[in-house]
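Inspection log for the structure reproduced underneath, given as structure tokens.
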Amino acid sequence: MRSLFYLNKYLLKYKNKLLFGFIFVIISNVFSLFPAKFIGDSFRIIEGFINHSDSSLNSSNSQELFFIVMLIFLSVTVKGFFMFLMRQTIIVVSRKIEYDLKNDIYNHYQSLSMSFFKKNKTGDILNRISEDVTKVRMYLGPAILYSLNLFFLLSFVIFRMFYISYELTFW
């Protein structure tokens, strides 16, 4: 884990873009909470329709139901848009860090003596540049992205559950 501290300089280089990515993660997860509330509201309208004896949906109820469906569509669309921005921002930053890291490794290899290249196999050297750096990119991009996404989603969902019913949340 200590060797991963070396990557901090790359993370700091792109801190502004990563900050935007984190903000997009939060906004995306906030909008992921809305559809559940709107679907609950629509069930209340439909339940009221079923419980009435005249079995006819009046125009105000149908307009309200249509409005809720549009709100669901809008919230899912906004969530998807910010999810796209979140992935685009953080994954692109991880690609840029991969590029910088490969350039640093290449520059380091340029400074090494010929005896180093005689002792080490060419395949091992190329593997370090390509495969190992790709694994680092996977750690920096998707791993951080999905960890943050999971953390914020769980936090928001648990908070929302407590807001609705703390007793039911504990059960």
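The rows are residues; the columns are (1) out of contact with any Asp or Glu (no Cβ under 7 Å at 6 or more places or on another chain); (2) closer than 27 Å to Lys17 by Cβ.
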{"residue": "Phe116", "(1), (2)": "yes, no"}
{"residue": "Asn127", "(1), (2)": "yes, no"}
{"residue": "Val133", "(1), (2)": "no, yes"}
{"residue": "Ile144", "(1), (2)": "yes, yes"}
{"residue": "Leu154", "(1), (2)": "yes, yes"}
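Select from segment 1-49 the residues that are under 30 Å from Lys135 (Cβ atoms), without any contact (Cβ under 8 Å) to a residue 24 or more places away in the chain and charged (D, E, K, R) and list them in ascending order.
Scanning segment 1-49 gives Arg2, Lys9, Lys15.
When both residues are 6+ apart or on different chains and their Cβ atoms are under 8 Å apart, which pairs have a first residue that lies in segment 114-137 and is open to solvent by less than 60 Å² (accessible area, probe 1.4 Å), and a second that is part of a loop (DSSP other than H, G, I, E, B)?
none
Take Val93 and tell me if it is in contact with a Gly (Cβ under 8 Å, 6 or more places away or on another chain), closer than 30 Å to Asn149 by Cβ and either surrounded by 11 or more Cβ atoms within 10 Å (Cβ to Cβ) or not β-branched (Val, Ile, Thr) (or both).
Against the criterion (in contact with a Gly (Cβ under 8 Å, 6 or more places away or on another chain), closer than 30 Å to Asn149 by Cβ and either surrounded by 11 or more Cβ atoms within 10 Å (Cβ to Cβ) or not β-branched (Val, Ile, Thr) (or both)), Val93 qualifies.
Among the candidates Val69, Val25, single out the residue that is out of contact with any strand residue (DSSP E or B) (no Cβ under 7 Å at 6 or more places or on another chain), within 30 Å of Tyr14 (Cβ to Cβ) and part of a helix (DSSP H, G or I).
Only one candidate qualifies: Val25.
Can you tell me which residue within segment 13-72, out of those that are at pLDDT below 85 and hydroxyl-bearing (Ser, Thr, Tyr), is least open to solvent (accessible area, probe 1.4 Å)?
This residue is Ser62.
Can you tell me which residues in segment 76-88 are at pLDDT 95 or above and among the polar types (S, T, N, Q)?
Thr77
The values are calculated or read from the model by the stated rules, or taken from the named source; none is laboratory data. Because the structure is a prediction, the values reported are computed rather than measured. Virtual Cβ from ideal backbone geometry, glycine too; neighbours counted across all protein chains shown. Accessible surface is based on the protein model in full, side chains and every heavy atom, while ligands, DNA and RNA are left aside. Shrake-Rupley method; radii C 1.70, N 1.55, O 1.52, S 1.80 Å.
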